[in-house]
Amino acid sequence: MGLDVPTPNPPASYREARDDEYVTDRSRRAEIQAYLTGVENAWTEAFTQWSIDTSLSLDEYQLVLRVGLLDEFDFYWDDERQRIEYTAPKIPDEWEQLDEFDSLDSWATVSAINDELDELGDTVAGVLTDYYVSWDSEDGVVDMFGSQFNARDDVLTDVQDAYEEGRD
């Protein structure tokens, strides 16, 4: 189905420190935020990918915006898994008692919205991990791809390189 909507502002991943968060985690959050909001524009790239395939209706999407669910995303580096992870917001279980959710009519709709928010988080985390950052030491970023990097071109380059080698 998809949505044809402008890309909203990215969430703020660089927030107050959690009790279980190390200093290096905080600096990585700041760098993640720079990728989401800066010239690299990872948020726009990922949101566009997600919006093409989402099953959210326009009304459901507008509800998500109105109640500020997109702002509640949390993106962070998981050093053990060596990738960006996320915590997706969810519509609260007591949604039926809350006025801001009065347009919702069933648990099925709530579940569908929550699933789509999870899919958006997964898409953003994947884009960040695959095309923007890779940390593998305490020294920080080892490999960064800037705005000049288009992940889809690397396949073509590899094929072209193999072709050129075969011609020699």
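The values are calculated or read from the model by the stated rules, or taken from the named source; none is laboratory data. These numbers come from a predicted model, not from an experiment. Using ideal geometry, Cβ is built from the backbone for each residue, glycine included, and neighbour counts are taken over all protein chains shown.
Here are a few things to note about the model shown:
- Where strands (runs of 3 or more DSSP E) sit wholly within the range 62-168, none has at least 1 residues that are modelled with pLDDT of 95 or more, exposed (fewer than 11 other Cβ atoms within 10 Å of the Cβ) and among the small types (Gly, Ala, Ser).
- Scanning the range 110-135 for residues that are under 19 Å from residue 50 (Cα atoms), touching an Asp or Glu at 6+ places or on another chain (Cβ under 7 Å) and of a type in the set (Ser, Thr, Tyr) turns up just one, 132.
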